[in-house]
Amino acid sequence: MHLEILLVCVACVIAGIKASAIHGPCETDEDCGTIDTECNNNVCTCKPNFAVWFDSCVALPQPRITCHKKHDCHRSLGVKSMCTKKNQCACKPFHHLHQGQCVKNRDLHDTCDHDHQCYCGEDCQEKIACIHKNCSCKAGHKPYRSRRCISDTPFVLRIADQVQLAPIKATESFVKESTVASSTKTLFSSVISIVLPIFLLIK
Ligand SMILES: *[C@@H]1O[C@H](CO)[C@@H](O)[C@H](O)[C@H]1NC(C)=O
């Protein structure tokens with residue numbers, strides 16, 4: 001009986017795998033829940049050109065700007081910028097760079113007036129737009145984990161697409177593969193969490 005309880009608990013844990021925070025464990029980029037993070041050696045870290053700031057990743061300009069106080073940054077990046085402890089200018093949390101200025105993020109399904117206000121991550125910018133004053137996924141894309149936009153092209157077509165544009169899309173296809181791996185895992189977890197309790201009940 002104890003073993004059965006244990007098995008149910010294991011199933012619940014697997015099914016409940018949630019997106020990891022910064023410095024949390026991961027297998028693919030998709031496991032990292034914080035915007036603009038990626039999975040490096042099984043740890044969620046900020047992407048290049050982002051710096052850790054408490055529990056978020058803040059955007060760093062290129063080239064970097066050295067600072068001693070926030071006013072040093074305001075001149076170049078606008079008033080929504082700050083000076084990090086490493087003396088680098090960065091956008092405040094929940095802001096992104098647009099044409100060299102820090103702009104407050106409008107998340108998926110927030111209200112908006114301009115495309116550039118909508119933000120779902122550095123790798124997602126091409127997929128989101130301000131449509132009818134609502135930050136929405138562009139045509140051919142769908143919301144993913146209620147915060148990002150991903151291509152809604154069927155997987156088989158995506159592979160064909162990748163083969164055709166392999167050299168250009170090498171990086172992007174890597175991201176897509178991660179998405180597939182992650183959804184397979186989610187499916188597997190769901191199946192286990194449904195089948196196992198039923199099996200135990202019948203038993
Ligand atoms: C934007 O659109 C989504 C999906 O149609 C909807 O759920 C959401 O409430 C809308 N947001 C606003 C601010 O109108």
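Can you pull the percent of Cα pairs in segment 18-145 with separation above 17 Å? Percent of Cα pairs beyond 17 Å in segment 18-145: 60.
Convert 20 °C to kelvin, take the viscosity as 1.002 mPa s, use the Kirkwood radius over C-alpha pairs of segment 30-69 as Rh, and evaluate the Stokes-Einstein diffusion coefficient in µm²/s, rounded to a whole number. Mind showing how you got there, number by number?
Values: Rh = 11.1 Å.
So the translational diffusion coefficient is about 194 µm²/s.
Neighbour counting of Cβ atoms within 10 Å sorts the residues Glu30, Glu122, fewest neighbours leading, into Glu122, Glu30. When Rg and the Kirkwood radius Rh are both evaluated on Cα atoms of segment 105-152, their ratio Rg/Rh stands at 0.90.
Here, each number is a calculation from the coordinates, and none is a lab measurement. Please read all numbers here as calculations on a predicted model, not as lab measurements. So basically every Cβ, Gly included, is an ideal-geometry build from the backbone, and we count neighbours across all protein chains shown.
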